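One structure is given below, encoded as structure tokens.
The values are calculated or read from the model by the stated rules, or taken from the named source; none is laboratory data. Source: prediction; values computed, not measured. Please note: Cβ atoms are built from the backbone with ideal geometry, for glycine as well, and neighbour counts cover all protein chains shown. What goes into the accessible areas is simple: the full protein's heavy atoms, side chains included, and nothing from ligands, DNA or RNA. Shrake-Rupley method; radii C 1.70, N 1.55, O 1.52, S 1.80 Å.
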Amino acid sequence: MKCFLLVLACALAAPLAVRGEDGYRLWLRYEPVASPDLRRHYVEGLTRIVLATPTGAESPVLAAARMELREGLDRMLGANPTVRVEARAEVDPAAGSDGYQVTVTKGEGGPVVTIAAARDIGVLYGAFALLRHLQMNLPLSGLATVSAPRISQRIMNHWDNLNRFVERGYAGFSLWDWYQLPEVRDRRYRDYARALASLGLNGTVLNNVNANALILTPDYLKKVAALADEFRPYGIRVYLSARFSAPIEIGGLKTADPQDPAVIAWWRAKVEEIYTLIPDFGGFLVKANSEGQPGPHEYGRTHADGANLFADALAPHGGLVLWRAFVYAADNSLDRVRQAYRQFTALDGQFRDNVLLQIKNGPLDFMPREPFHPLFGAMPRTRLAIELQITQEYLGGATHLAYLAPMWKEVLDSDTFAKGPNSTVARVVDGRLRPPGPSVISGVANTGNERNWTGHPLAAANWYAFGRLAWDHQLTSQQIAEEWARMTFGANPRVSVPITRMLLGSREIVVNYSMPLGLHHIMAEGHHFGPGPWVVAGRPDWSSNYYHQADERGLGAARGPAGSNALADYAPELAARWGNPATCPDELLLWFHHLPWDHRMRSGRILWDELAVRYQQGVEGVRGLQQDWDALLGLVDDERFQRVKSLLRRQESDARDWRDACLLYFQQYSHRPLPEGVESPAHDLATYQARKLRYAPGHPGDY
Ligand code: BDP
């Protein structure tokens, strides 16, 4: 019997041990510190921890901080230091209202580590910073710090439907179990909130921008309130996507006209109802008059009229409106990348103070590479928010490795020249170039109910990177990658260094095998996975040749004065630089120029050869990733090792398909042979064109 029990205990324990590496804990693994010396160093330095706020009052947020510290220190060090809450008035002003200050002082009984902040949430962020420091195995001498977020609202945007299907989601179904809510509150909700708070994220939009009005009905609002309750101890405010026509659909009105008194009254009452249930409700995100969504244009009103309707209802409660600038129409003959610019610049100055115009990083749609959206440099009297896409809609879903921090940094660091040099997108977004007030950064989530949250085990790096950049956009991609790799795979440099290297190179690799040299929107239709330069959709702006403009003469979108003149939407400095093929960077060349196949490139090669070489480099890049990963055999736990290995195998094959399909397609126009070193395609063009990918995840049309 004893023996049986022992076997049973082992059998139960074994899967648990394996499950430890299933990715569920994300970057909050709190593994025991391996080096005995380092462990001693930590234990001796962390005997007393003080959590200090001006009042010293206990709160659920401080309780969360204490719980996290207790658990983290116990698991990493087997230590149980005293953690006390104290009142302390003085905090370094650089910590601001949401940041923290960590100090190390000598007390009578040994060192005292104090995490002080103006508000309890700052203490929680400081606690997570301390735990990060330890997880990275850094010496305590570097612990003292002051840190504050540069952007006030750091928000996840979930494109989750009420039936749990996640639009452009590749990691399973929605985290929110709407059917079981509000009674059943999955443990995962708390762990989600912990993950967000560990990065300093402080908001979440729960539902898809293609919104269902039902979310605003009393039954659903109770469910939303339950989630808000779960998130509150972690400083996370809940927002909702609002459907413009909700007054008709669930309110029984005949119109949703923003100037109709009944509509105005309906939204005011709805907002009151929401705040009764959720006193710290964040506000509404609205997609209007875009891709079939209802909006103010139906009533001859402007986007400003629409946004202000919500703004006025929310203002008494301190709520925000995030009004999306992702607006374009099929019947508009203006180049799609110019349409939002044209519409919104005309409305500058007309939005209420609590409205932020939420603009995607680029003027098209989250392509692997785009120039920054020209609106960032063109609306001095409007608060502008940036929307990044964490989920990899155009970069291989959760199947391919693409670490996106370099892409986001590229945009954040871009100079708009709006107010002279150094008017970077980051400075526009964080509010330094306009009067004080809220600032917003949003990230379209890559999470789902897969055990490891993000599907690809390395895709959690993008969630992490979004959060870290939202807190401090001046961190480098390398710093963030290193942090994530160490926290996720352990601080052993033999593991963290190659993983960091893999992450850093991965986005450019994807660009090269899919849309190099500024090519864009040449992906397959609908699900957007894989090549489709031949796609002719029901409307020109969803067809690939609208963008690549390949013909016998050459390749690329003509966006200078002789073309759509999209260049004119940028500052003269940029229009001059990008408008001349000789000074336009290779990376954006075909975004702005239609160039002859024999155009001489910086490399000395002609355009056609350069294109082929880039595609080939993309494939070879994936092979390099495979080699790097294979070298980690035995150093990374088997579960994650095998999963990444097989995903990279798939990525290599997909990269070859991209290369072969695109080169065969463009070769019809270039009539030139593949240059030396570029592998011959495995099939003919017709084979690639005939392929149909069924039920690709995240595609709304397939369900
Ligand atoms: C596109 C997606 C679509 C979204 C849309 C948006 O394909 O699913 O609804 O963006 O951002 O990238 O509204």
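Tell me yes or no: at least one residue of region 431-443 is among the β-branched types (Val, Ile, Thr), surrounded by fewer than 24 Cβ atoms within 10 Å (Cβ to Cβ) and more than 15 Å from Leu26 (Cα to Cα). No, every residue in region 431-443 fails to be among the β-branched types (Val, Ile, Thr), surrounded by fewer than 24 Cβ atoms within 10 Å (Cβ to Cβ) and more than 15 Å from Leu26 (Cα to Cα). A count restricted to region 621-642 and to residues that are surrounded by fewer than 18 Cβ atoms within 10 Å (Cβ to Cβ) and assigned to a helix (DSSP H, G or I) stands at 9.
Given the criteria touching a Lys or Arg at 6+ places or on another chain (Cβ under 6 Å) and within 25 Å of Thr345 (Cβ to Cβ), does Ala576 qualify? In short, no. For residues in region 579-620 being β-branched (Val, Ile, Thr) and under 32 Å from the mean Cα position of the chain (by Cα), which is most open to solvent (accessible area, probe 1.4 Å)? That would be Thr583.
Taking the condition of being under 23 Å from Asp598 (Cβ atoms) and open to solvent by 40 Å² or more (accessible area, probe 1.4 Å), how many residues in region 513-533 meet it? The qualifying residues number 0. Here Gly295 meets the list (1) farther than 30 Å from Ala65 by Cβ; (2) more than 16 Å from the ligand (Cβ to nearest atom) almost entirely, failing just condition (2).
Does Leu285 meet the test of being hydrophobic (A, V, I, L, M, F, W, C) and either within 16 Å of the ligand (Cβ to nearest atom) or surrounded by fewer than 20 Cβ atoms within 10 Å (Cβ to Cβ) (or both)? Yes. Of all residues in region 534-563, those being over 25 Å from Arg602 (Cα atoms) and either open to solvent by 70 Å² or more (accessible area, probe 1.4 Å) or assigned to a loop (DSSP other than H, G, I, E, B) (or both) number 11. For region 205-242, the set of residues classified as closer than 23 Å to Glu387 by Cα and either modelled with pLDDT under 95 or open to solvent by 20 Å² or more (accessible area, probe 1.4 Å) (or both) consists of Asn210, Asn212, Gly235, Arg237, listed by residue number. Residues that are acidic (Asp, Glu), in a loop (DSSP other than H, G, I, E, B) and over 17 Å from Ser59 (Cβ atoms) within region 73-128 comprise Glu90, Asp92, Glu108, listed in sequence order.
Just to be sure before I move on: is Phe244 part of a helix (DSSP H, G or I), among the aromatic types (Phe, Trp, Tyr) and under 22 Å from Leu162 (Cβ atoms) in the structure I sent? Spelling it out, it is not the case that Phe244 is part of a helix (DSSP H, G or I), among the aromatic types (Phe, Trp, Tyr) and under 22 Å from Leu162 (Cβ atoms). Condition test on Ala491, is it among the aliphatic types (A, V, I, L, M), away from the ligand (no atom under 16 Å from the Cβ), touching a residue at least 12 places away in the same chain (Cβ under 8 Å) and open to solvent by less than 10 Å² (accessible area, probe 1.4 Å)? Judged against the criteria, Ala491 is not a match.
Of the residues contained in region 209-227, one or more are found to be closer than 25 Å to Asn449 by Cα and under 19 Å from the mean Cα position of the chain (by Cα).
Considering every residue within region 390-397, establish whether at least one is buried (at least 24 other Cβ atoms within 10 Å of the Cβ), small (Gly, Ala, Ser), under 30 Å from Gln627 (Cα atoms) and in contact with a Phe, Trp or Tyr (Cβ under 6 Å, 6 or more places away or on another chain). Yes: region 390-397 contains one or more residues that are buried (at least 24 other Cβ atoms within 10 Å of the Cβ), small (Gly, Ala, Ser), under 30 Å from Gln627 (Cα atoms) and in contact with a Phe, Trp or Tyr (Cβ under 6 Å, 6 or more places away or on another chain). Among residues of region 384-413 that are under 24 Å from Thr424 (Cα atoms), those with a beta-carbon under 6 Å from a residue that is modelled with pLDDT of 95 or more and of a type in the set (Ser, Thr, Tyr) at least six positions away or on a different chain give the pairs Glu387/Ser442; Tyr403/Ser506; Ala405/Ser477; Pro406/Ser477; Lys409/Ser477; Asp413/Thr424.
The rows are residues; the columns are (1) open to solvent by less than 20 Å² (accessible area, probe 1.4 Å); (2) away from the ligand (no atom under 16 Å from the Cβ); (3) touching a His at 6+ places or on another chain (Cβ under 7 Å); (4) modelled with pLDDT under 95.
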residue: His133; (1), (2), (3), (4): no, yes, no, no
residue: Thr145; (1), (2), (3), (4): no, yes, no, no
residue: Arg150; (1), (2), (3), (4): no, yes, yes, no
residue: Ile155; (1), (2), (3), (4): yes, no, no, no
residue: Gly169; (1), (2), (3), (4): yes, no, no, no
residue: Tyr192; (1), (2), (3), (4): yes, yes, no, no
residue: Ser198; (1), (2), (3), (4): yes, yes, no, no
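Within the option set Arg268, Arg237, being among the charged types (D, E, K, R) and under 21 Å from Asn157 (Cβ atoms) holds for one residue only, Arg237. Do the conditions hold for Leu375, that is, is it within 16 Å of the ligand (Cβ to nearest atom) and of a type in the set (A, V, I, L, M)? Answer is yes for this residue. Among the residues making up region 566-590, those that are part of a loop (DSSP other than H, G, I, E, B) and hydrophobic (A, V, I, L, M, F, W, C) are Ala571, Ala582, Cys584.
Of all the numbered requirements in (1) out of contact with any Asp or Glu (no Cβ under 8 Å at 6 or more places or on another chain); (2) open to solvent by 20 Å² or more (accessible area, probe 1.4 Å); (3) not in a loop (DSSP other than H, G, I, E, B), Gly292 misses one, and that requirement is (3).
Would you please name the residue that is nearest to the chain's Cα centre (by Cα), looking only at residues in region 64-102 that are open to solvent by 60 Å² or more (accessible area, probe 1.4 Å) and of a type in the set (Ser, Thr, Tyr)? Per the criteria, the residue is Ser97. Would you confirm whether any residue within region 674-694 is within 16 Å of the ligand (Cβ to nearest atom) and crowded, with 21+ Cβ neighbours inside 10 Å? Checked against the condition, which is being within 16 Å of the ligand (Cβ to nearest atom) and crowded, with 21+ Cβ neighbours inside 10 Å, region 674-694 yields no hits at all.
Within region 243-259, being touching a residue at least 24 places away in the same chain (Cβ under 8 Å) and closer than 16 Å to Leu214 by Cβ holds for Arg243, Phe244, Ser245, Ala246, Glu249, Ile250, Ala256. Taken over region 309-339, the criterion of being over 30 Å from Ser543 (Cα atoms), open to solvent by less than 20 Å² (accessible area, probe 1.4 Å) and either free of Cβ contacts under 8 Å to residues at least 60 places away in the same chain or within 16 Å of the ligand (Cβ to nearest atom) (or both) is satisfied by Leu309, Ala311, Ala313, Leu314, Gly319, Val321.
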